[in-house]
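A short write-up of the structure that comes next.
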Amino acid sequence: MESSVQLKIFSGNANRPLAQRIADYIGVPLGDAAVTSFPDQETFVKINENIRGRDVFIVQPTSPPANQHLMELLIMIDAARRASAKRITAVVPFFGYARQDRKDQPRVPITAKLVANLIVAAGANRLLTMDLHSQQIMGFFDIPVDHLYAAPVMYRYFSAKKLKDLVVVSPDVGGVKMVHAYASLFQAPLAIVNKRRKSPTEVEMLNVIGDVDGQNVLLVDDLTETASTVTRAAEILKKHGAKKVYASVSHAVLNPLALDRLKASELEELVTTDTVPHSKVSGFKLTELTVAPLLGEAIKRIHNSESVSSLFDINGKWPET
């Protein structure tokens, strides 16, 4: 079913290359919008084309600097609402603040809920996101949420490697559900690395639950920022007899400390997606896979009021590139 309402895609400054790839996949031009800052760092947005009655999609992950990119998203939504867009969908491939999703100590905020409230208050009618740190965040929104997974893209990449004796490993107990899904896809056994977080940038690996001796290992996680978890997990897995250790991380928000750790690590390769932009890395194999066709297909189906559930299918018919 083709919609009679015109589709428009706009982008902030967080990840314009991804927005352009999505627009190219759909076959529409990227919308004309100026997103700049005043000298005092206040964000200014002007949409330079008519969007009255249009179906508007704003592509803006909240990658570093998170606060600036979040404000850009909110102001772009407000600008689109005040320009009489028919519907506004916030396309947030990487949803920042997702780790602050509960009160795990006294007198702390639930910032993920606050961000959800802000997006809704700004005027978004729908959210499209990918691999949330915790799925209950969908319940923080009072608007429809389409939650996609990078698993189909990762599965196709690693399947082509034809790795023998594969074990899928979760680098912490909290990621077992996600890793179980990968293990089922690869029809491989599952193992867990038990960790204790010492600080926001340091973790201590305690032991491995499961057998990895003589096996190739695929570490699966949704997010890495300092690379402490994946590099320390690779180290202890090697000590337990693992042959080669690969890492699959949906959102690699890599800071300089992470790059140093990766270069010195036991990891064979870190495979991630373009939900956040990456600079070129020397001295380590960092592979970036695009999720633009997956997000683009979801946008087309949302626009045409079609189901997006088939996009969760690993062997689905949506194009790979």
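The values are calculated or read from the model by the stated rules, or taken from the named source; none is laboratory data. The structure presented is a predicted model; accordingly, all values stated were derived computationally and were not measured. Glycine also receives a Cβ, built like all others from the backbone with ideal geometry; neighbour counts cover every protein chain displayed.
Structure summary
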item	result
Tally of residues being closer than 23 Å to His278 by Cβ and among the charged types (D, E, K, R) across the range 44-94	1
Some residue of the range 230-243 being part of a strand (DSSP E or B), over 17 Å from the mean Cα position of the chain (by Cα) and modelled with pLDDT of 95 or more	no
Residue satisfying condition, being part of a loop (DSSP other than H, G, I, E, B) and touching a Lys or Arg at 6+ places or on another chain (Cβ under 9 Å), within set Ala80, Ala85	Ala85
Failed item in (1) buried (at least 21 other Cβ atoms within 10 Å of the Cβ); (2) part of a strand (DSSP E or B); (3) modelled with pLDDT under 90, with Asp221 passing the rest	(3)
Members of the range 296-312 found to be β-branched (Val, Ile, Thr) and not in a helix (DSSP H, G or I), listed by number	Val308
Pick from the range 103-151, criterion part of a loop (DSSP other than H, G, I, E, B) and among the polar types (S, T, N, Q), ranking: surrounded by the fewest Cβ atoms within 10 Å (Cβ to Cβ)	Gln105
Leading residue by the ranking (surrounded by the most Cβ atoms within 10 Å (Cβ to Cβ)) among those in the range 176-194 that are outside any helix (DSSP H, G or I) and of a type in the set (S, T, N, Q)	Asn194
Single match in Val45, Val35, Val28, Val56 (criterion: β-branched (Val, Ile, Thr) and either in a loop (DSSP other than H, G, I, E, B) or surrounded by fewer than 19 Cβ atoms within 10 Å (Cβ to Cβ) (or both))	Val28
Test: residue in the range 82-91 that is surrounded by 17 or more Cβ atoms within 10 Å (Cβ to Cβ), within 18 Å of the chain's Cα centre (by Cα) and over 23 Å from Ser305 (Cα atoms)	no
Residues that are in contact with a Leu (Cβ under 6 Å, 6 or more places away or on another chain) and among the basic types (Lys, Arg), drawn from the range 84-112	none
From Ile22, Ile51, residue being in contact with a Leu (Cβ under 6 Å, 6 or more places away or on another chain), crowded, with 16+ Cβ neighbours inside 10 Å and at pLDDT 95 or above	Ile22
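Table: residues versus (1) assigned by TED's automatic domain parsing to the domain that holds Ile236; (2) at pLDDT 95 or above; (3) touching an Asp or Glu at 6+ places or on another chain (Cβ under 7 Å).
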residue: His251; (1), (2), (3): yes, yes, yes
residue: Ala258; (1), (2), (3): yes, no, yes
residue: Val281; (1), (2), (3): yes, no, no
residue: Arg301; (1), (2), (3): no, yes, no
residue: Lys317; (1), (2), (3): no, no, no
residue: Thr321; (1), (2), (3): no, no, no
